[in-house]
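Each value in this text was obtained by applying a stated rule to the coordinates, not by laboratory testing. This one's a predicted model, so the numbers in the text were calculated from it and none came from an experiment. Positions of Cβ are generated from backbone atoms using ideal geometry, with glycine treated the same way; all protein chains shown enter the neighbour counts.
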Amino acid sequence: MLPLMSIKNCRQKSSVKSTLTTATEMTLSKPELAQLIDNYANYVLDGMDFDTVLQFAYDSLVAEYNKYTEAELLFEIEELYDEEVLNDLLESVKN
């Protein structure tokens, strides 16, 4: 499995290696930029094997959940699943 580069790392490398100058940079409309982002995301995903996609999904979820307060996390689990799932997950942490 290939290691994933962080977005910050990618930006640093692209800014160093960029061949675009301010005179030749394209200005995309918001819909064009959204389509470019969509196309690029699909391109990146197409280049990943299944295990890498799973690792990426896991890392993304953990990074997002680390931004939550305890109360926000508990609320989300109960709202998206139910109280039984929340209790099972809490029990698995305390045991």
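Determine the dipole magnitude for the range 28-94: charges of +1 sit on the beta-carbon of Lys and Arg, -1 on that of Asp and Glu, nothing else is charged, the reference point is the Cα centre, and the result goes in debye to the nearest 20. If you can, show how the numbers build up before the last one.
On the way: 3 positive and 17 negative charges, 92 e Å.
For this selection, approximately 440 debye.
May I have the pair-distance distribution P(r) for the range 28-94, computed from all Cα-Cα distances with 5 Å bins from 0 and rounded to whole percent?
3, 14, 13, 16, 14, 13, 13, 8, 3, 1, 0
Answer with one residue from L45, N87, L28: the one whose Cα lies farthest towards the positive end of the charge dipole of the range 28-94, charges on Cβ with Lys, Arg +1 and Asp, Glu -1.
L28
Once the Cβ-Cβ distance between V93 and T69 is put in as r, and R0 is 22 Å, what FRET efficiency do you end up with, to the nearest 0.05?
Working: r = 16 Å, r/R0 = 0.73.
For V93 and T69, the calculated efficiency is 0.85.
Between F50 and L33, what is the label-point separation in nm under the 7 Å Cα-to-beta-carbon projection?
Result for the modelled spin labels: 3.7 nm.
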